[in-house]
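First the structure, in the form of structure tokens, and then the observations on it.
The values are calculated or read from the model by the stated rules, or taken from the named source; none is laboratory data. Note that the structure is a prediction, hence the values are computed from the model and not measured. So basically every Cβ, Gly included, is an ideal-geometry build from the backbone, and we count neighbours across all protein chains shown. The accessibility values were calculated without ligands, DNA or RNA, using every heavy atom of the protein model including side chains. Shrake-Rupley method; radii C 1.70, N 1.55, O 1.52, S 1.80 Å.
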Amino acid sequence: MKNKYLQLLLVSNFLIILDQITKFIVTFHVPKHYSIPVIEGFFSITHIRNPGVAFGLFAEQESEYKVLFFIMISLIAIIAIL
């Protein structure tokens, strides 16, 4: 049973690190609002900034409110899971 959790931990950490590396590469090598087509008409790498959270939610809100809101949602989710 512990082996499954160790595998999950390793895979999730690998994916998080890979995500951060690709964001770093795009930030320093692709100009803002520029697209690099990978598969023509299907997939492009585009450098944009999202001041909000997922899908631009709360982009207009003050940052303190976003942080407080997501801390509360996270705590509720953790309590529900436990």
Inset, instruction - Please work out if Leu15 is out of contact with any His (no Cβ under 6 Å at 6 or more places or on another chain), of a type in the set (A, V, I, L, M, F, W, C) and exposed (fewer than 11 other Cβ atoms within 10 Å of the Cβ). - result: yes
Inset, instruction - Being within 18 Å of the chain's Cα centre (by Cα) and either open to solvent by 100 Å² or more (accessible area, probe 1.4 Å) or of a type in the set (D, E, K, R) (or both) is the filter here, so list the residues in the range 21-31 that pass it. - result: Lys23, Phe24, Phe28
Inset, instruction - Name the one entry in Gly41, Gly52 that is exposed (fewer than 11 other Cβ atoms within 10 Å of the Cβ), at pLDDT below 90 and not in a helix (DSSP H, G or I). - result: Gly41
